[in-house]
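A short reminder: the numbers here are calculations on the coordinates, not readings from a lab. In this text, all values refer to a predicted model and were calculated from it rather than measured experimentally. We place every Cβ from the backbone using ideal geometry, glycine too, and count neighbours over all the protein chains shown.
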Amino acid sequence: MDTVMSFRLYAEKTDDAATHCVQLIQDLEQTLSVTDAASPVAQLNASGQGTLPENAAQLLQKTLELSTRTDGALDPTVYLLVCLWGFPTKAYHVPTEAERTEALHKVGCSHVIQDGQTVILTDGAQLDFGAVAKGYAAQCCADYLQTQDIAAILTLGGNVQTVGDKPDGADWQVGIADPDAPETTLATLHLRGTNAIVTSGAYQRYFLKNGVRYHHILDPVTGAPAESGLTSVTIVAADGLLADALSTALFVMGLEEASAFWRASYDFEAVFIDDAGKIFVTEGLADAIFDCDYTVIPR
Ligand code: AMP
Ligand code: MG
């Protein structure tokens, strides 16, 4: 998944469980990878039709539902745009408006026809699970670790997944990176129990051209990096896939629209950082955030 992962498991014997988690992630990578030509998703992208394994088909169905729920801000068909900007190959390119317009004709969930495990992509559209795969993978590991009664904290790039309570009774502490200096933290969340804490940030993947910074979270309306006034969105939710999907979608929406979306929802909380470095926290996290100044977004 092109990122660094680390797992901390709390049990007397953790080797087998850790190995199982690594295996789960590797299996998912092999299924969902868009760059490994042998993966079922890459084959579907190449041929426009195919059969997905059951877990990938379920992931696609849930991702399409979340795309509808976010009014298209999350769009699993952005892959042609992601390629146009050169992110998978790192052969970066700033497309012309004409190039973007052409690609946009092949982007949108209306190009995906799914009947169970059978999927057709029309007009050359291509899938990308990059916005949800890590959260889904972390959730699969969390589900397994819960069956083993093992408390854990998993870090998959910008995704953190806690499982159970920390054995010493303390809170799980999760730092939120400073978008301007990602090695340092701007705030800390103190949480208990099982949660997904997922951050989407403009600083996580980007390139510079003529002094302009182009990041990897694309607005499916313009086909360009989302300029929403936000530099980082962190979602806290019980479900890893939901948290990952919404971190990307709410980044695209921007603070105002994302706040309205949150007010209409009851399954997540969020921390937003805007491009002036201001921190905004939804009401449910007001007592959980430390080490920073922040503004509470009320219900
Ligand atoms: P995340 O880091 O979870 O926000 O996911 C970002 C990744 O998802 C990018 O690197 C792209 O591969 C893909 N992506 C970019 N923009 C979108 C979008 N609007 N909807 C869905 N996937 C996207
Ligand atoms: Mg995401």
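When each of HIS216, HIS105, HIS190 is scored by the number of other beta-carbon atoms lying within 10 Å, the sequence from fewest to most is HIS105, HIS190, HIS216. The length gained by stretching the chain between PHE290 and LEU24 to full extension, at 0.36 nm per residue less their Cα-Cα distance, is 92.4 nm.
In the structure displayed, which of LYS62/LYS278; LYS134/LYS166; LYS106/LYS134; LYS62/LYS209; LYS106/LYS278; LYS90/LYS166 lie more than 30 Å apart, Cα to Cα?
On the way: LYS62/LYS278 32 Å; LYS134/LYS166 22 Å; LYS106/LYS134 25 Å; LYS62/LYS209 36 Å; LYS106/LYS278 36 Å; LYS90/LYS166 39 Å.
Violating the 30 Å limit, Cα to Cα: LYS62/LYS278; LYS62/LYS209; LYS106/LYS278; LYS90/LYS166.
Would you please give the FRET efficiency between ALA11 and THR188, computed as 1/(1 + (r/R0)^6) with r the Cβ-Cβ distance and R0 = 35 Å, to the nearest 0.05?
Values: r = 25 Å, r/R0 = 0.73.
Computed FRET efficiency for ALA11 and THR188 comes out at 0.85.
Per-residue Cβ neighbour counts within 10 Å put THR194, THR19 in the sequence THR19, THR194, beginning with the fewest.
Need one word for the chain: rounded, prolate or oblate. Basis is the Cα gyration tensor (sqrt eigenvalues a ≥ b ≥ c); a/c below 1.5 gives rounded, then a/b vs b/c decides. List each step's numbers first, then the result.
Numbers: a/c = 1.73, a/b = 1.19, b/c = 1.46.
Here the chain falls in the oblate category.
Taken one residue at a time, the phi angles of the range 276-290 give Karplus couplings (6.51, -1.76, 1.60, θ = phi - 60°) of 9, x, 6, 10, 10, 10, 5, 3, x, 10, 4, 8, 10, 9, 9 Hz. Gly and Pro are set to x.
This ranking places GLU102, GLU269, GLU183 by how few other beta-carbon atoms lie within 10 Å of each, fewest first, which gives GLU183, GLU102, GLU269. Per residue, the chain reaches -9500 deg cm²/dmol at 222 nm when only DSSP H runs of four or more residues are counted, each adding -39500 (n - 2.57). Phi angles of the range 114-122 translate, via the Karplus equation with coefficients 6.51, -1.76, 1.60 and θ = phi - 60°, into HN-Hα couplings of 10, 10, x, 8, 8, 10, 10, 10, 8 Hz per residue; Gly and Pro are given as x.
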